[in-house]
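Before any comments, here is the structure.
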Amino acid sequence: MIFAPDVAAALGAAVELANSQEPDTLTSLGVLRAFYVDWGYTGSRPRTTAELEAVRAIRPRLQQLLTADRDTAVSLINIILAEQQAVPRLVRHDQFDWHIHAISDDRPMHERVLVETAMAMIDFVRSGEMSRLRLCAARDCDDIVLDLSRNRSRRFCSTTCGNREAQAAFRARRSR
Ligand SMILES: [Zn+2]
Ligand SMILES: [Zn+2]
């Protein structure tokens, strides 16, 4: 299963936001600006703490959607699409070939993130790929892992967690 680039980007951004809660790292406009740049939200520069607060406030909802079982995810997706009055249309801009936009670029960023996450999750639901979203396998980490690898081999949210677990396994073998 190959996912469209905008599906990968939307879910990658949503996972990063959900994982920024514990410990809380989305604490300034500078961090939010870096998030926009990293995930290609071009033409949007966060200006107000109200915008920062609004993006912070959707994180529990993203977390809930990204970790939901398939049927629950469907209800959450449908609620977001209805509430935001999403209207999918095909667009082509900058270097990107035809892809779907379901919300206008001038809407507040937290609404765009919600809709783009919901639209991307549609692909996961329809293709039965929900298991590509799971919790990090590190013992002391509850962050979400987005596994888009071909052989579904990704177990950790970050190389930090992967390294820590490898070290723990190494120590456990030595002390046997
Ligand atoms: Zn676009
Ligand atoms: Zn982790």
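The values are calculated or read from the model by the stated rules, or taken from the named source; none is laboratory data. Here the structure is a predicted model, which is why all the values come from computation and not from measurement. Glycine also receives a Cβ, built like all others from the backbone with ideal geometry; neighbour counts cover every protein chain displayed. Ligands, DNA and RNA are excluded from the accessible area calculation, which covers all protein heavy atoms including side chains. Shrake-Rupley method; radii C 1.70, N 1.55, O 1.52, S 1.80 Å.
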Take the conditions more than 16 Å from Leu66 (Cβ to Cβ), open to solvent by less than 20 Å² (accessible area, probe 1.4 Å) and not small (Gly, Ala, Ser) and apply them to Met109. Does it pass?
yes
Is it the case that some residue within segment 118-127 is open to solvent by 60 Å² or more (accessible area, probe 1.4 Å) and over 14 Å from Ala73 (Cβ atoms)?
no
Give all pairs with beta carbons closer than 8 Å in which a residue from segment 62-78 that is surrounded by fewer than 21 Cβ atoms within 10 Å (Cβ to Cβ) meets a residue that is of a type in the set (Lys, Arg); count only pairs at least 6 apart in sequence or on separate chains.
Leu76/Arg61
Per the list (1) open to solvent by less than 60 Å² (accessible area, probe 1.4 Å); (2) more than 18 Å from the chain's Cα centre (by Cα); (3) more than 16 Å from ligand 1 (Cβ to nearest atom); (4) not aliphatic (A, V, I, L, M), residue check on Ser104 breaks on (3)
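Please work out if Ser153 is of a type in the set (Ser, Thr, Tyr) and without any contact (Cβ under 8 Å) to a residue 24 or more places away in the chain. Even if it seems obvious, please write down each step before you answer.
On the way: of a type in the set (Ser, Thr, Tyr): yes; without any contact (Cβ under 8 Å) to a residue 24 or more places away in the chain: yes.
Against the criterion (of a type in the set (Ser, Thr, Tyr) and without any contact (Cβ under 8 Å) to a residue 24 or more places away in the chain), Ser153 qualifies.
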Can you pull out every residue in segment 130-151 that is surrounded by 20 or more Cβ atoms within 10 Å (Cβ to Cβ), of a type in the set (A, V, I, L, M) and either under 22 Å from Ala172 (Cβ atoms) or within 8 Å of ligand 2 (Cβ to nearest atom) (or both)?
Ala138, Val145
Mind listing just one residue for me: the one in segment 1-11 that is open to solvent by 10 Å² or more (accessible area, probe 1.4 Å) and more than 13 Å from ligand 1 (Cβ to nearest atom) and, of those, modelled with the highest pLDDT?
Ala8
Positions within segment 1-53 being under 25 Å from Arg126 (Cβ atoms), assigned to a helix (DSSP H, G or I) and away from ligand 2 (no atom under 16 Å from the Cβ), in sequence order:
Pro5, Asp6, Val7, Ala8, Ala9, Ala10, Leu11, Ala13, Ala14
